[in-house]
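Accompanying notes for the structure given below.
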Amino acid sequence: MTGLLIDTCALIWLVNSDDQANFGAVETTLNVAYSASTPVYMSPISAWEIAMLAAKGRLPIAMTPRAWVDQLILRSGLLWAQMPVDVLLASNALPADPHGDPADRIIIATAREYGLRIVTRDQKILDYAEKGHVMALAC
């Protein structure tokens, strides 16, 4: 199985959703990944996005963003994806018509660099994947 990269909106949805029935294929994929010791990653840019959302009041959390991210990593077993200069540069040289959001471009570039499948609710990323530029799984 290909390693997985959970994007920011999927992370927040998986943590905050009370509707476990809607997890479907994503929950199955994550369970299979963990059972097979397949790595599941989170991009450092997602930590930055979480902190931005919390600062703007768009992500109500009862702790600091750092504590929220630390607990997420501890409880989920997620690994940090690498974000070297090459990934940052590649985020500005993606083929075709990629997502316009810089953080999502970094997530796409990370997935492409390391051969990871993005787990996402972002329709623009899913559309980009349908064109064959990145692997993605809808949640």
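Quick look at the numbers
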{"item": "Close pairs (6 angstrom Cβ cut-off, 6 or more residues apart or separate chains): part of a loop (DSSP other than H, G, I, E, B) in segment 24-39, modelled with pLDDT under 75 anywhere", "result": "Ala36/Met1; Thr38/Met1"}
{"item": "Top-ranked residue of segment 21-37 - restricted to ones that are surrounded by 15 or more Cβ atoms within 10 Å (Cβ to Cβ) and farther than 21 Å from Asp104 by Cβ, ranked as modelled with the lowest pLDDT", "result": "Phe23"}
{"item": "Members of segment 40-59 that are assigned to a helix (DSSP H, G or I), within 13 Å of Asp7 (Cα to Cα) and free of Cβ contacts under 8 Å to residues at least 60 places away in the same chain", "result": "Pro44, Ala47, Trp48, Glu49, Ile50"}
{"item": "Residues that are among the hydroxyl-bearing types (Ser, Thr, Tyr) and surrounded by fewer than 16 Cβ atoms within 10 Å (Cβ to Cβ), drawn from segment 75-127", "result": "Tyr114"}
{"item": "Neighbours by Cβ (under 6 Å, 6+ apart or cross-chain): first from segment 86-107, modelled with pLDDT of 95 or more; second of a type in the set (S, T, N, Q) and crowded, with 16+ Cβ neighbours inside 10 Å", "result": "Val87/Thr110; Arg105/Ser91; Ile106/Ser91; Ile107/Ser43"}
{"item": "For Ala62: the one exception among (1) at pLDDT 95 or above; (2) assigned to a loop (DSSP other than H, G, I, E, B)", "result": "(1)"}
{"item": "Leading residue by the ranking (nearest to Thr8 (Cα to Cα)) among those in segment 82-127 that are of a type in the set (Gly, Ala, Ser) and not in a loop (DSSP other than H, G, I, E, B)", "result": "Ala103"}
{"item": "Filter result (modelled with pLDDT of 95 or more and either over 15 Å from Leu4 (Cβ atoms) or touching an Asp or Glu at 6+ places or on another chain (Cβ under 8 Å) (or both)) within segment 112-122", "result": "Glu113, Ile118"}
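Condition check ((1) within 21 Å of Ala138 (Cβ to Cβ); (2) modelled with pLDDT under 95) across all residues:
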residue	(1), (2)
Asp19	yes, yes
Arg58	no, yes
Gly77	no, yes
Thr110	yes, no
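The values are calculated or read from the model by the stated rules, or taken from the named source; none is laboratory data. Values in this document were obtained by computation on a predicted structure and should not be read as measured data. Positions of Cβ are generated from backbone atoms using ideal geometry, with glycine treated the same way; all protein chains shown enter the neighbour counts.
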